[in-house]
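Take a look at the structure set out below.
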Amino acid sequence: MSTLISHTDPDRKNIPHIDAVLTVSCPAKRGLVARISGFLVDHECYISEMHQYDDEDNQLFFTRIQFRSD
């Protein structure tokens with residue numbers, strides 16, 4: 001994954017609004033969309049756009065996710 005969200009303020013009072021794009025390429029396997037979107041939700045992010053592609057011949061997964069944290 002190309003973006004890491006990290007913070008130490010549990011109330012998010014001092015966390016700025018973040019707009020970001022996450023791109024992922026990895027071996028294809030079940031549950032990737034759920035795991036990636038779940039990670040973003042767990043970090044209080046809103047997914048505004050998501051595209052994915054599976055290269056079944058080479059068993060690769062690609063996704064591009066535009067998201068923001070509030």
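The values are calculated or read from the model by the stated rules, or taken from the named source; none is laboratory data. Please read these numbers as outputs of a predicted model, since none were measured by experiment. With ideal geometry, Cβ positions are generated from the backbone for all residues, glycine too; neighbour counts draw on all protein chains shown. What goes into the accessible areas is simple: the full protein's heavy atoms, side chains included, and nothing from ligands, DNA or RNA. Shrake-Rupley method; radii C 1.70, N 1.55, O 1.52, S 1.80 Å.
Candidates are the residues of region 1-17 that are out of contact with any Cys (no Cβ under 8 Å at 6 or more places or on another chain), surrounded by 12 or more Cβ atoms within 10 Å (Cβ to Cβ) and aliphatic (A, V, I, L, M); the one that is modelled with the lowest pLDDT is Met1. Under 8 Å by Cβ, and 6 or more places apart or on different chains, what pairs join a residue from region 30-44 that is surrounded by 12 or more Cβ atoms within 10 Å (Cβ to Cβ) with one that is among the basic types (Lys, Arg)? From residues that are surrounded by 12 or more Cβ atoms within 10 Å (Cβ to Cβ), the pairs are Glu44/Arg12.
Are any residues in region 45-70 among the small types (Gly, Ala, Ser) and open to solvent by 50 Å² or more (accessible area, probe 1.4 Å), and if so, which ones?
Within region 45-70, Ser48 is the sole residue that qualifies.
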